[in-house]
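Engineer: Attaching a single structure in structure tokens format; questions to follow.
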Amino acid sequence: MQITPEFSGKIKFLRLPLIIGIVTIHSSINPVGYADKFFQTFIWSTWGGSCVAFLFILSGFLFFRNFNLSLNSYLEKLKSRFWTLLVPYLFWNLALLAMVLIVLNIPATSSIIQGHYKKYVEDYSFANFIDCLTGYRSGYPITFHFWYVRDLIAMVILSPVFLLVARKIPYLGLALFAAPWLLKLQLGFIKIQWLGPLFFYLGCLIAVQKLDLTWLNRRKTLIIGIYLAMAVVLAIMKTSEIETFQHLFECCTRVVGTMAIWCASDLIAGKLQKVCLNLSGLAFFVYAAHEPTVTVLKEVFQRLSKNPNSVTVMVHYLLIVTIATLVTLAAGSLLQRYTPKFFQVITGARG
């Protein structure tokens, strides 16, 4: 599969919508009724979840499209990802840890730090500090949405294994990566989100085997229709807490959802497409900075809403997603304009 100007433009266009999909996941608030629970689940658990899977596919494809097993190629990739993945990862986790410690140690603001953030600073041990950065005990670093970047770093280090499997046993390899995801297997001593390795490998497989995906364009209406139907069913299952086959159906919805995202990108045109293209350079900043922005907005809306109902919860959810996106876009634009070198460093030169 070749990188044509059209293909490259499509990827650039998708960057911001995919990140907004991530924002919808973390913006969910406690439901008060069936309607608002279904509404939020339909958005974050179906579209948002498929956005995560698609980002792994895209990362795998872009990494392996010009990668071989030579030592020089491997070292070049590691050097590149040092700046695009590791440096931003360390910056955002250390910055948030510092902010949490400062806020926690000011009496007037200490009560703000609750839940997820507070448990990371229960003590100042070295083990706790490493957990803040890696999430080796809790499963997530303190900047919890950076588990995606952390897992990417690990897969980049193991990239020769992915490439060998894709070359020697491509479809058996796909089954081997899919099995633990479908069966929810865990090793016991470390928490692994198998969605990442599977979809990263799928991107690798597309690049290495040069798979022809033009058939997606010929069936885009059918694929989008099937995905929407599956998304509704999945949202009903989750909202109604129907556990039977829920995980397997959710996995299938994720796969179809990634295809639907690719197909739907062809249907967006005009001003919306232009806006997404113009703002694509801010996508990683939105991803990085939407937390703790979303957490702060949740706290604000919780205090403003004394007696919430399903309608107000749905409105607040959409407002949190919208405001968090706009605030981070505005902050990113200012940094990009007035401190371009700093912006490049903290976003992995994605501006």
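Engineer: Work from the charge dipole of the chain (Cβ charges, +1 for Lys and Arg, -1 for Asp and Glu, about the Cα centre) and give the residue of H26, A283, F177 farthest towards its positive end.
Structural biologist: A283
Engineer: Counting only protein chains, not ligands or nucleic acids, how are M314, M99 ordered by accessible area (probe 1.4 Å), most first?
Structural biologist: The residues order as M99, M314, largest area first.
Engineer: Report the Stokes-Einstein translational diffusion coefficient (µm² s⁻¹, integer) for segment 1-156, Rh taken as the Kirkwood radius over Cα pairs, at 20 °C with viscosity 1.002 mPa s.
Structural biologist: Translational diffusion coefficient: 117 µm²/s.
Engineer: Tell me which lysines have Cα within less than 20 Å of K298's Cα, excluding those fewer than 8 residues away on the same chain?
Structural biologist: Cα-Cα hits under 20 Å: K37, K118, K119, K306.
Engineer: Additional query: What shape does segment 74-187 have by the C-alpha gyration tensor, where a ≥ b ≥ c are the square roots of the eigenvalues, rounded means a/c under 1.5, and otherwise prolate means a/b greater than b/c and oblate the rest?
Structural biologist: Judged from the Cα gyration tensor, segment 74-187 comes out prolate (a/c at least 1.5, a/b above b/c).
Engineer: Name the long-range amide H neighbours of I192: under 5 Å, sequence gap of 5 or more, or other chain; modelled H, no Pro or chain starts.
Structural biologist: Under 5 Å from the amide H of I192: L187.
Engineer: Please tell me the relative contact order of the chain in percent, rounded to the nearest whole number, where contacts are Cα pairs under 8 Å and at least six residues apart.
Structural biologist: 32
Engineer: Next up: For a quick check of your reading of the filter: which chymotrypsin sites (Phe, Trp or Tyr not before Pro) in segment 55-135 sit in a DSSP loop and have no more than 12 other Cβ atoms within 10 Å?
Structural biologist: Here the chymotrypsin sites (Phe, Trp or Tyr not before Pro) that fit, given the DSSP loop and packing criteria, are Y124.
Engineer: So if the hydrodynamic radius of segment 255-310 is defined as the Kirkwood radius over C-alpha pairs, what does Stokes-Einstein give as its diffusion coefficient at 4 °C and 1.567 mPa s, in µm² per second?
Structural biologist: Taking Rh from Cα pairs, D becomes 89 µm²/s.
Engineer: List the lysines whose Cα sits under 21 Å from the Cα of K274, skipping any in the same chain fewer than 8 residues away.
Structural biologist: Cα-Cα hits under 21 Å: K10, K12.
Engineer: In debye to the nearest 20, how big a dipole does segment 1-77 give about its Cα centre with +1 on each Lys and Arg Cβ and -1 on each Asp and Glu Cβ?
Structural biologist: 100
Engineer: Relative contact order for segment 143-223: what is it in percent, counting Cα pairs under 8 Å that are at least 6 residues apart?
Structural biologist: 33
Engineer: Based on C-alpha coordinates, I'd like the Rg and Dmax of segment 44-129, in Å.
Structural biologist: According to the Cα coordinates of segment 44-129, Rg and Dmax are 18.9, 56 Å.
Engineer: Ok, one more. Can you tell me the dipole magnitude for segment 127-260 around its Cα centre, using point charges on the Cβ only (Lys, Arg +1; Asp, Glu -1), in Debye to the nearest 20? Intermediate results must be reported in sequence, preceding the final value.
Structural biologist: Values: 12 positive and 6 negative charges, 81 e Å.
Around 400 debye, computed over segment 127-260.
Engineer: For K168, which lysines qualify as cross-link partners when the Cα separation must be under 22 Å and same-chain residues fewer than eight apart are set aside?
Structural biologist: Counting by Cα, and skipping residues close in sequence, K168 has these lysines nearby: K77, K210.
Engineer: On to the next question. What are the GluC sites (Glu not before Pro) within segment 197-267 that DSSP puts in a loop, where the Cβ has at most 14 other Cβ atoms within 10 Å? Kindly include the intermediate steps, with their values, before the conclusion.
Structural biologist: Details: sites: E241, E243, E250; in loops: E241, E243.
Filter output for segment 197-267: E241, E243.
Engineer: Right, next: Taking just the C-alpha trace of segment 228-351, give me its Rg and Dmax in Å.
Structural biologist: 18.4, 53
Engineer: Compute the whole-percent fraction of alpha carbon pairs in segment 19-83 spaced more than 19 Å apart.
Structural biologist: Values: 1079 of 2080 pairs.
Every Cα pair in segment 19-83 considered, those over 19 Å come to 52 percent.
Engineer: Can you list, largest first and rounded to whole Å, the semi-axes you get for the chain by taking the square root of 5 times each eigenvalue of its Cα gyration tensor? Show your work: numbers first, answer last.
Structural biologist: Working: eigenvalues 188, 137, 96 Å².
Here the semi-axes work out to 31, 26, 22 Å.
Engineer: Please report, in debye to the nearest 20, how large the charge dipole of the chain is about its Cα centre when each Lys and Arg carries +1 at its beta carbon and each Asp and Glu carries -1 there.
Structural biologist: 740
Engineer: Calculate, axis by axis, the spread of Cα positions in segment 197-279 along the three principal axes, and write the results as whole Å, longest axis first.
Structural biologist: 41, 35, 26
Engineer: Ranking request for peptides 197-206, 14-23: highest mean number of other beta-carbon atoms within 10 Å first, then the rest in descending order.
Structural biologist: 197-206, 14-23
The values are calculated or read from the model by the stated rules, or taken from the named source; none is laboratory data. Quick caveat, the model's predicted, so the values are computed rather than measured. Counting neighbours? That spans all protein chains shown, and the Cβs are built from the backbone with ideal geometry, glycine included. For accessibility, only protein heavy atoms count, side chains too; no ligands or nucleic acids. Shrake-Rupley method; radii C 1.70, N 1.55, O 1.52, S 1.80 Å.
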